[in-house]
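Everything on this sheet refers to the single structure shown next.
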Amino acid sequence: MTSPATYRLRLPGPTDVPERVLAALARPVLNHRGPEFRTVLARADELLRPVLGTTHRVLFFATSGTGMMEAALANVCAPGDRILVVVHGQFGERFVAIGRTLGLEVETAEATWGEVVPAATIDEKLRGGTYKAIVAVQNESSTGVVADIEALGSLARRHSCLLIVDAVSALGGIEMRQDAWGADIVVSASQKALMCPPGVGIASFSRRAEAAFRTEGPGLPFYFGFRRALDSAAKGETAFTAPVNALVALCEALEMIKAEGLTAVLARHRRLSDALRAGGVALGLQAFGNHAARSPTVVVFGVPDDLEGGEIVRRLYEHHGTVIAGARNKLSGRVIRFGVMGHVTEGTILTDIVHLAAALRALGRPVDPGEAISAAAASLVS
Ligand SMILES: *Cc1c(COP(=O)(O)O)cnc(C)c1O
């Protein structure tokens, strides 16, 4: 085990949490129905709206991202309803599994992993039947590609169905204009670009989605019921005990985003992820996936055929304290993944490249660390 002092959490979530947010977590627990917590809840809502690009109320739950994916489907789809899931990676597949578990009739529009699904493919599917919703992942963390939510929004309008979006690994690092793009339900979670510990689930929705919230029937969630949550939110509360300290911390993180400026925050994610990609490519790795759709928050590298991705991951952790991800799906061994989310600076990226160069050299690759740093620096300074 590396010492905590050298531990660098560089996953595509959960991500490193700034000191200021950690300190906020340690404040005294508040009465979840008292005036102090009402202020926190109202502020979290107010600060998240611009990040989501919505003017509507935001709902908070105690759960992970997957909990919110499930809640989104269960609140507008009853067993037997048909949905179209856009699948080009592991999280799209997860939506398929959740939909089937809920008894929905699940169809898919698919692309090879690393690509995005063309709007025309989705349009064609939608012409073939009646769908309750299009379900998509904005930032597919398993492949590092970003879907065009605006295009999906117009398709949803044209075909009179809802658009449900997983923005878990996107929100706070990739632009979301929920109202303008017509994303009917957007779900996210605290532990990625919002730079908080895991534990808070987030949902926002359009008026159309609100009108479609289920209030009865089989499979309707109780704790995760959006109608009930919304009624409580209108009174300045959560329906059940909120994760009070986690929301205090979320507020703190959102204050940091506001202070830096959302536009600057989003630009920083793009700039740093491009630099990390440039460095990794200079080390002989492959920038995985469609370049035009490359993610600002998850950098995925394909590893050379004679290397095992897991060995790089292990070496980075054991010798450098740098914790990155491999893959737990059909790309297992073939890719490694870094998060560029939240509390990340130029220094973070340059250190990643130094550690990656050292790990690759130790694994017998003839790498030139100076060239990699130079490529990253050139990208940062350009
Ligand atoms: C991390 C992530 C999730 C949620 O995962 P949890 O472990 O349930 O928080 C969902 N979708 C995407 C795209 C993610 O990256």
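Sum up the charges of everything whose Cβ sits under 15 Å from the Cβ of Glu46, counting Lys and Arg as +1 and Asp and Glu as -1, but leave Glu46 out. It would help to have the intermediate numbers written out before the result.
Details: positive: Arg38, Arg43, Arg49, Arg57, Lys258; negative: Asp45, Glu252, Glu255.
Net local charge, Glu46 excluded: +2.
What's the exposure ranking of Ile373, Ile353, Ile134, going from fewest to most Cβ atoms within 10 Å?
Details: Ile373 16, Ile353 22, Ile134 25.
Final ranking by Cβ density, sparse to dense: Ile373, Ile353, Ile134.
May I ask for the angle, rounded to the nearest 10°, between helix 244-260 and the longest principal axis of the chain, with both axes built from Cα atoms and the value confined to 0 to 90°? The answer is roughly 60 degrees.
Placing a label point 7 Å from the Cα of Glu371 along the Cα-to-Cβ direction, the residues of segment 252-283 whose backbone N falls under 19 Å from that point are 275-283.
How big is the Cα convex hull of the chain in projection, averaged over all directions, in nm²? Walk me through the numbers on the way to the answer.
Numbers: hull surface 73.7 nm².
If you wrap the Cα atoms of the chain in a convex hull and average its projections, you get 18.4 nm².
Ordered by packing density, taken as the mean number of other Cβ atoms within 10 Å over each peptide's residues, highest first, how do 245-252, 304-311, 52-59 rank?
Values: 245-252: 23.8, 304-311: 13.8, 52-59: 18.4.
Descending mean neighbour count gives 245-252, 52-59, 304-311.
Of Val135, Val168, Val344, which has the largest mean-square fluctuation in a 10 Å C-alpha GNM of the chain? For the chain, modelled as a Gaussian network with Cα springs under 10 Å, the answer is Val344. Each residue in Ser206, Ser154 was given a count of other beta-carbon atoms within 10 angstrom of its own, and listing them fewest first yields Ser154, Ser206.
Under 5 Å between amide hydrogens, built in the peptide plane, is the criterion, and for Gly326 it picks out Arg337 among residues at least 5 positions away or on other chains.
With a Förster radius of 45 Å applied to the beta-carbon distance between Ala264 and Asp306, the computed FRET efficiency rounds to 0.60. Reported value for segment 112-192: 86 Å³ per residue, from the convex hull of its C-alpha atoms.
Coordinate range of the alpha-carbon atoms in segment 153-218 per principal axis, descending: 36, 30, 15 Å.
I want the antiparallel fraction of DSSP beta bridges within the chain, as a percent rounded to 5. Could you put the intermediate results ahead of the total?
On the way: 21 of 42 bridges.
Just about 50 percent of them are antiparallel.
Residues considered: Ala111, Ala62, Ala23. Largest GNM mean-square fluctuation over the chain, using C-alpha springs under 10 Å, is found at Ala23. For the pair Arg82/Ala26, report the inter-label distance in nm, with labels modelled 7 Å from Cα in the Cβ direction. Distance between the two pseudo-spin positions: 5.6 nm.
Computed over segment 249-382, the P(r) tail beyond 19 angstrom holds 49 percent of alpha carbon pairs.
This ranking places Asp274, Asp179 by how few other beta-carbon atoms lie within 10 Å of each, fewest first, which gives Asp179, Asp274.
Which value in deg cm²/dmol, rounded to the nearest 500, describes the helix-derived mean residue ellipticity at 222 nm for the chain, given -39,500 (n - 2.57) per DSSP H run of n ≥ 4 and division by the residue count? -13500 deg cm²/dmol, from helical runs alone. Against the chain, whose longest principal axis comes from its Cα atoms, helix 35-52 is set at around 70 degrees.
The angle separating the long axis of helix 346-362 from the principal Cα axis of greatest extent in the chain is about 60 degrees.
Rounded to the nearest whole angstrom, the semi-axes of the ellipsoid equivalent to segment 38-121, taken from the Cα gyration tensor as √(5λ), stand at 28, 17, 12, largest first.
Computed from the coordinates by the stated procedures, all read-outs in this text should not be read as laboratory data. These figures come from a predicted structure and were not determined experimentally. Note: ideal-geometry Cβ built from the backbone for every residue, glycine included; neighbour counts use all protein chains shown.
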